[in-house]
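The values are calculated or read from the model by the stated rules, or taken from the named source; none is laboratory data. Everything numeric in this text was worked out from a predicted model, so none of it was measured. FYI the Cβ positions are ideal-geometry reconstructions off the backbone, even for glycines, and counts take in every protein chain you see.
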Amino acid sequence: MHAKIMFTSDFEDESLIIILKGNQWWPTFDHKSSDAEKIINEMKDSVSESDISFFLASKKFVLLSAVTETHGTLSYERNYWVLRLLNPNLSLLQLDCQVFVHKCIKHANQMQNKINFYEKPVQLVERNRKDPIIEGKILASKKDRIFYAKKQKKIEYSVGVIGLIVFVILLLLTYPWSFRDPNNQAQMWLFTIFEKLIGSVAITALISYAQFHAFYTSLHEDSIKWSIAGEPEKKAIKTLL
């Protein structure tokens, strides 16, 4: 299985090395050794033909996880950093993608650096095949999480917003305005209906907002939200570990 993550940042090379070493991804062998060359050649097989020349000519770091045995490269191609990872275990590959994204975001926040991940989903693809098995949406910022939550909980968000607007309108309609006539039975009947609706609208809006907010809060747990490729995004799955 192989994965690919693309991003831009103002990280210095030293910052990327710190992230890789902190995640125990820095190999014990030299980056110009035969072991490193073996990994580069292996990664080349997962690179699309149009990108091979850019990959080979790029500045790159060789990666080897001491924990999951995932190996790969981090290369600078056409103004993008490209992380390519290989691991036969799908669960471990998922985990390594999540950890790398989380470490980058954390380091960027601590050092006040900028980092932007490519909008295309992270795809986990079986070797020698083109169609992905699992796709992951990177949630690197608050804006990304809010957008994702609105998309996933569209009904709950809409009901919460519309319910709030209707609640405010009902409050205005049921206010004891000077024109209200207690002796006008038709008018009082109408106001009574509005007053009874207030409670139902308020409860519905609060429940919908609570469901939306609970889902949004849960997005802080994972830096990548995974889903089965080709299926609706609502069929989200957790890391398989």
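Which of the residues spanning region 1-54 are out of contact with any helix residue (DSSP H, G or I) (no Cβ under 6 Å at 6 or more places or on another chain), assigned to a loop (DSSP other than H, G, I, E, B) and hydrophobic (A, V, I, L, M, F, W, C)?
Correct list: Phe11, Trp25.
Results for (1) assigned by TED's automatic domain parsing to the domain that holds Val82; (2) at pLDDT below 90; (3) surrounded by 11 or more Cβ atoms within 10 Å (Cβ to Cβ); (4) not polar (S, T, N, Q), shown as yes or no for each residue.
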| position | (1), (2), (3), (4) |
| --- | --- |
| Asp13 | yes, yes, no, yes |
| Asn23 | yes, yes, yes, no |
| Thr28 | yes, yes, no, no |
| His31 | yes, yes, yes, yes |
| Asp51 | yes, yes, yes, yes |
| Leu56 | yes, yes, yes, yes |
| Val62 | yes, no, yes, yes |
Scan region 65-74 and give yes if some residue there is assigned to a loop (DSSP other than H, G, I, E, B), surrounded by 14 or more Cβ atoms within 10 Å (Cβ to Cβ) and among the hydrophobic types (A, V, I, L, M, F, W, C), otherwise no. no
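Right, Thr192: part of a helix (DSSP H, G or I), loosely packed, with under 12 Cβ neighbours inside 10 Å and within 27 Å of the chain's Cα centre (by Cα) or not? Write out each step before concluding.
Numbers: part of a helix (DSSP H, G or I): yes; loosely packed, with under 12 Cβ neighbours inside 10 Å: yes; within 27 Å of the chain's Cα centre (by Cα): no.
Criteria not met by Thr192.
From the list Gly136, Gly163, pick out the single residue that is of a type in the set (Gly, Ala, Ser) and closer than 30 Å to Asp45 by Cα. Working first, answer last.
Working: Gly163 fails: closer than 30 Å to Asp45 by Cα.
The match here is Gly136.
Yes/no matrix, rows are residues, columns are (1) free of Cβ contacts under 8 Å to residues at least 60 places away in the same chain; (2) assigned by TED's automatic domain parsing to the domain that holds Glu49; (3) surrounded by 15 or more Cβ atoms within 10 Å (Cβ to Cβ):
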site	(1), (2), (3)
Val101	no, yes, yes
Lys106	yes, yes, no
Asn109	yes, yes, no
Lys114	no, yes, no
Pro121	yes, yes, yes
Leu124	no, yes, yes
Asp131	no, yes, no
Lys151	no, no, no
Those residues of region 165-187 which are in a loop (DSSP other than H, G, I, E, B) and loosely packed, with under 13 Cβ neighbours inside 10 Å, in sequence order: Tyr175, Pro176, Trp177, Ser178, Phe179, Arg180, Asp181, Pro182, Asn183, Asn184
